[in-house]
Amino acid sequence: MIDGKACSPEGIQIRSLIHCNDDGLLATCNPNPLDQQVCRVTVSGETTLITETAGIHEANANDSLMVIQHRSMDFNGVKTGFYKDNELRNEIPDHSETPNITLNSFFHKTGELDLETAILLPADHNGETTLPVLLDPYGGPHAQRVRNARGLFGVSQWFADQGFAVVITDGRGTPGRSPNFEREVYGDLATHALTDQIDALHSISANYNFIDLDRVAIRLVFRWIPSRFSCDQKT
């Protein structure tokens with residue numbers, strides 16, 4: 001909003017403000033829940049995506065300089081670019097270690113609400129062996145787990161490699177989709193959160209006939225209150 005007028009178009013969810021001046025603002029946005037881009041919004045309401053490749057983009061900037069970091073399911077680590085006057089001037093190499101796990105992950109839209117869901121299977125799964133299910137949501141509102149970035153799924157893949165089908169679902173209350181979707185949990189943090197996890201589980205089981213719905217658990221992050229709250233509701 002600029003002077004009470006909506007400047008960003010429908011379908012683009014503004015996530016954070018990076019920089020602003022008299023011409024407009026620079027922000028991160030979601031054109032869809034999986035990807036995050038950097039965009040420029042002018043005071044006249046024109047929105048231009050500065051980044052467009054799949055993945056999660058973050059940035060820091062002033063009037064002439066900008067650093068953009070890019071993470072994706074297509075590569076490990078992070079790509080960092082240094083821009084001056086909107087031109088790429090240098091790339092900062094990533095020296096982080098490559099994880100010694102192999103992701104075996106798939107994205108789905110589940111249930112009547114088309115919830116963003118990821119399922120991770122053991123790296124060596126043969127597509128037939130029955131697997132118990134481990135639900136692995138954040139456990140509270142306003143935190144996305146299902147995003148287009150490989151580094152977000154390392155821990156979940158480790159659990160999958162122990163012999164689980166790990167299911168991660170961003171239910172109502174998570175950002176990146178629409179303001180109404182994010183506010184669905186207002187006044188009740190439990191009901192929709194639990195319902196969405198159950199709906200997603202039953203929906204995704206139709207695509208994977210080796211999932212054992214008689215053996216379902218939820219992962220608890222020790223001492224992390226949202227996860228404990230979610231576990232309490234499910235039990």
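The values are calculated or read from the model by the stated rules, or taken from the named source; none is laboratory data. Predicted, not measured: the structure shown is a model, and the values here were computed from it. Note that we place each Cβ from the backbone using ideal geometry, even for glycine, and neighbour counts take in every protein chain shown.
Gly111 passes all but one of (1) outside the structural domain of Asp23 (by TED's automatic domain parsing); (2) on the phi < 0 side of the Ramachandran plot; (3) among the small types (Gly, Ala, Ser); which number fails?
(2)
Yes or no, residue by residue, for (1) over 28 Å from Lys79 (Cα atoms); (2) touching a Lys or Arg at 6+ places or on another chain (Cβ under 7 Å); (3) of a type in the set (S, T, N, Q):
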position	(1), (2), (3)
Cys7	yes, no, no
Gly24	no, yes, no
Cys39	no, no, no
Thr42	no, no, yes
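If Ile204 meets every condition in (1) buried (at least 21 other Cβ atoms within 10 Å of the Cβ); (2) assigned to a loop (DSSP other than H, G, I, E, B) apart from one, which number is that one?
Tallying (1) buried (at least 21 other Cβ atoms within 10 Å of the Cβ); (2) assigned to a loop (DSSP other than H, G, I, E, B), Ile204 fails exactly one: (2).
When you look at Val146, is it in the same structural domain as Gly55 (by TED's automatic domain parsing), closer than 25 Å to Ile68 by Cβ and either crowded, with 19+ Cβ neighbours inside 10 Å or under 22 Å from the mean Cα position of the chain (by Cα) (or both), yes or no?
So Val146 fails the test.
Just one of (1) farther than 30 Å from Arg183 by Cβ; (2) surrounded by fewer than 18 Cβ atoms within 10 Å (Cβ to Cβ); (3) out of contact with any Pro (no Cβ under 8 Å at 6 or more places or on another chain) trips up Leu121, so point out which.
Every condition holds for Leu121 apart from (2).
Looking at the structure I just gave you, is Ser227 at pLDDT 95 or above, crowded, with 18+ Cβ neighbours inside 10 Å and part of a helix (DSSP H, G or I)?
So Ser227 fails the test.
Anything in the range 167-196 that is among the polar types (S, T, N, Q), out of contact with any strand residue (DSSP E or B) (no Cβ under 6 Å at 6 or more places or on another chain) and either modelled with pLDDT of 95 or more or outside any loop (DSSP other than H, G, I, E, B) (or both)? List them, or say none.
The answer is Asn180, Thr191, Thr195.
Can you name the residue in the range 8-42 that is of a type in the set (A, V, I, L, M, F, W, C), out of contact with any His (no Cβ under 9 Å at 6 or more places or on another chain) and under 18 Å from Ala61 (Cβ atoms) and is also surrounded by the fewest Cβ atoms within 10 Å (Cβ to Cβ) among such residues?
Leu17
Could you grab me the full set of residues in the range 72-119 that are assigned to a loop (DSSP other than H, G, I, E, B) and hydrophobic (A, V, I, L, M, F, W, C)?
Met73, Ile101, Leu103, Leu113 - these are the residues of the range 72-119 that are assigned to a loop (DSSP other than H, G, I, E, B) and hydrophobic (A, V, I, L, M, F, W, C).
Looking at this structure, is Gln162 of a type in the set (S, T, N, Q) and surrounded by 14 or more Cβ atoms within 10 Å (Cβ to Cβ)?
no
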